[in-house]
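A.B. asks: Here's a structure for you.
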Amino acid sequence: MDKILALSLSLCSFLATASGSLCAPTHYDETVTFASVIDGDTLMLEDGRQLRLIGIDSPEIDRHYPELSEPFANRARNFLAERLVPGQALKLAFDRKRLDPQGRTLAYAYTESGEHLQEMMLSQGYAKARVYQNDYFWQCLANIELQARQERRGLWSHKSYQAKSPDELGRDDRNRWREVRGVVTGFERKGQQLWLIIDENFYVGIPREESGKFSKILTLNLLESPVVVRGELYYSYKKWQMIAHHPSQISLQNKP
């Protein structure tokens, strides 16, 4: 299975090189002029707007205390800045939601030659695939991230980005977006949530009104299946918990 996946990903990489992008839109909605790089997933445009590259999340830069920036944050920003030239045109493709709560423009961004900025950052390990609300390309971007993970490129070579077991979680993980690995050991329906129980003491809640998004996952026999889950952690009733709003937050792993 791993060999087939590796071959498939290699073929995808070849096709991406030939066509410019694996995650290519059917059309572009707007052409803009690039001004500068703010960080690994945000650009400043010449017209004064900030452009948030949707579908990815780069390490955060702490502008008040640079020494507290997340590992690879500055490398991600510099990598992107080295590949863009102020004044160059970028083509944008929008998803359902075009603005975030901070008023930033949300879009998939492409160079005039068709190179996809999100794919570029993911393939080199300078960003993680992450769904907020827009998810048109989420599976495509997740596959590109997977190859970077397997090859331990960029941030995936750093221990702070490796998935933790529930027993490894501590105070610093509270209210943070984290990846947790383990084995599904049970299920529980309580209130408005379906809970996946991992390693008997970590709970992943799927809201009832969003369970339809998880139909492909929930129809599988998950019991005793190894998984990696990702999301914001909180500690309540002496248990670590996480709420999954999108299927991208739950990944099945190969059984050892």
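Computed from the coordinates by the stated procedures, all read-outs in this text should not be read as laboratory data. None of the values given here were measured: they were computed from a predicted structure. Note that each Cβ is placed from the backbone with ideal geometry, even for glycine, and that neighbours are counted across all protein chains shown.
A.B. asks: What ranking, highest mean first, results for peptides 119-128, 160-169 when packing means the other Cβ atoms within 10 Å averaged over each residue?
C.D. replies: Ranked from most to least packed, the peptides come out as 119-128, 160-169.
A.B. asks: Listing Trp177, Trp138 from the residue with the fewest other Cβ atoms within 10 Å to the one with the most, what is the order?
C.D. replies: Ranking Trp177, Trp138 by Cβ neighbours within 10 Å, fewest first, gives Trp177, Trp138.
A.B. asks: If you don't mind, another one. Local charge sum around Arg149 (other residues, Cβ-Cβ under 11 Å, Lys/Arg +1, Asp/Glu -1)?
C.D. replies: Around Arg149, the surrounding residues sum to 0.
A.B. asks: Would you check the chain for Lys pairs whose C-alpha atoms are within less than 19 Å, ignoring same-chain pairs closer than 8 in sequence, and give me the count?
C.D. replies: Lysine pairs, 8 or more places apart or on different chains, close enough: 11.
A.B. asks: Among Phe94, Phe187, Phe72, rank each residue by its count of other Cβ atoms within 10 Å, from fewest to most, as a rough exposure measure.
C.D. replies: Result, fewest neighbours first: Phe187, Phe94, Phe72.
A.B. asks: Oh, and also: Under the Karplus relation 6.51 cos²θ - 1.76 cosθ + 1.60, θ = phi - 60°, what is the ordered set of whole-Hz ³J(HN,Hα) values for the range 40-57, x standing for Gly and Pro?
C.D. replies: After applying 6.51 cos²θ - 1.76 cosθ + 1.60, I find x, 9, 9, 10, 9, 9, 5, 7, x, 6, 9, 10, 9, 6, 6, x, 9, 9 Hz.
A.B. asks: Indicate, rounded to the nearest 5 percent, the antiparallel portion of the DSSP beta bridges found entirely in the chain.
C.D. replies: Working: 45 of 53 bridges.
Around 85 percent of the beta bridges assigned by DSSP in the chain are antiparallel ones.
A.B. asks: Suppose we take every Cα in the chain and form the convex hull; what volume per residue is that in Å³? Spell out each step's value before the answer.
C.D. replies: On the way: hull volume 37.7 nm³, N = 256.
Residue-normalised Cα hull volume stands at 147 Å³.
A.B. asks: Now, a different point. Quick one, what does Rg over Rh come out to for the range 163-252 if you take C-alpha atoms and the Kirkwood Rh?
C.D. replies: Looking at the range 163-252, the ratio lands at 0.92.
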